[in-house]
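Trainee: Before I ask anything, here is the structure I am working with.
The values are calculated or read from the model by the stated rules, or taken from the named source; none is laboratory data. Bear in mind that the values here come from a model prediction, so they are computed numbers and not experimental data. Methodologically, a virtual Cβ is constructed for each residue, glycine included, from the backbone with ideal geometry; neighbour enumeration extends over all protein chains shown.
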Amino acid sequence: MRFHGKEDRRRVATRARGPFPVSLFIAVLLVSPWLPVRASSQQSGASTAFGNAPLSGEQVVDNLLAMNLERAHALHAYRGTRNYLLQYHGFAGTRSAEMVVDLKYQSPGTKEFTIRSSTGSKLIIGTVFKKLLQAEEDALGVEAQKRTALNRDNYDFTLVGYDSKPSGSMYILSVKPRTKGEFLFSGRIWVEAEDFAVTRLEAQPAKNPSFWTKHSEIDEVYMKVGDFWLPARNHSITKIRFGGNAVLTIQYQNYKITSADVVSKLR
């Protein structure tokens, strides 16, 4: 991973100097299911009855995993922009920071980040935002993907809802980790019934990622860009053990697919 810009040539410090749950925010990035073969607390509201669902849970999972692999092989390069915003309120006072980042991705595992601007707490920028970027690059490794893959080795899936509307149909799956891995999650995913892509997840980390964290909620939604479903917004709320909370929001925009093959549909 390469950082560009005069303010970002120095190495990011590896030790956190405050009560911010850095490892939680790293975990938030690592559960993104659009990454190759990878893909959340309870749904806010009752799940839709699924007695009229055309497919069984097993069939939905089979199709989801097959299409995740197909899209991963077809996506060669893209670029986009992200806006990171973190607000902390608690016993240590109030701190916030914002950072705008341009991204270039090249298959099979290269991401180049250019920090366009950053404002606010230098502690948050250095020990949260920049570590998020580094952790995202680390997650591209083969072993990291294997440990966090959205598949039957790592998760148990249960069909819990089916929602059919004129705008499209969604299968709702409960996802439970088979082990309490560091970057696994427990929650629900919404799977679009035509592309068999995850369009939303609501989750909690399977394992408390930090002594400082008491409870964490992650909500992420995805947008379709060409044949691919990419993150649109990530919102996480973390309750701090000794009082207060930290809210992280990541907005994704300006996507452009620069190299890709046609994604084949399921037969």
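Trainee: Report, ordered by the first and then the second residue, all pairs with beta carbons closer than 7 Å, sequence separation of six or more or different chains, a first member in the range 69-90 that is more than 25 Å from Ile115 (Cβ to Cβ), and a second member that is at pLDDT 95 or above and among the small types (Gly, Ala, Ser).
Mentor: Ala74/Ala260
Trainee: In the range 70-81, what count of residues is obtained for those that are under 17 Å from the mean Cα position of the chain (by Cα) and more than 15 Å from Val225 (Cα to Cα)?
Mentor: 0
Trainee: Shifting gears a bit: Name, by its number, the condition in (1) surrounded by fewer than 21 Cβ atoms within 10 Å (Cβ to Cβ); (2) hydroxyl-bearing (Ser, Thr, Tyr); (3) closer than 30 Å to Ile125 by Cα that does not hold for Ser236.
Mentor: Result: Ser236 fails condition (1) only.
Trainee: Of the residues that sit in the range 131-163 and are in contact with a strand residue (DSSP E or B) (Cβ under 6 Å, 6 or more places away or on another chain) and assigned to a helix (DSSP H, G or I), which one is farthest from Leu65 (Cα to Cα)?
Mentor: Here the answer is Leu133.
Trainee: Return a yes/no flag: does the range 35-45 have any residue that is of a type in the set (D, E, K, R) and at pLDDT 80 or above.
Mentor: no
Trainee: Residues of the range 52-95 being modelled with pLDDT under 95 and under 30 Å from Lys239 (Cα atoms), which ones?
Mentor: If the condition is that a residue be modelled with pLDDT under 95 and under 30 Å from Lys239 (Cα atoms), then Leu86, Gln87, Tyr88, His89, Gly90, Phe91, Ala92, Gly93, Thr94, Arg95 are the ones that fit.
Trainee: Another one. Filtering the range 164-185 down to residues that are part of a strand (DSSP E or B) and either touching a Lys or Arg at 6+ places or on another chain (Cβ under 8 Å) or small (Gly, Ala, Ser) (or both), which residue is surrounded by the most Cβ atoms within 10 Å (Cβ to Cβ)?
Mentor: Val175
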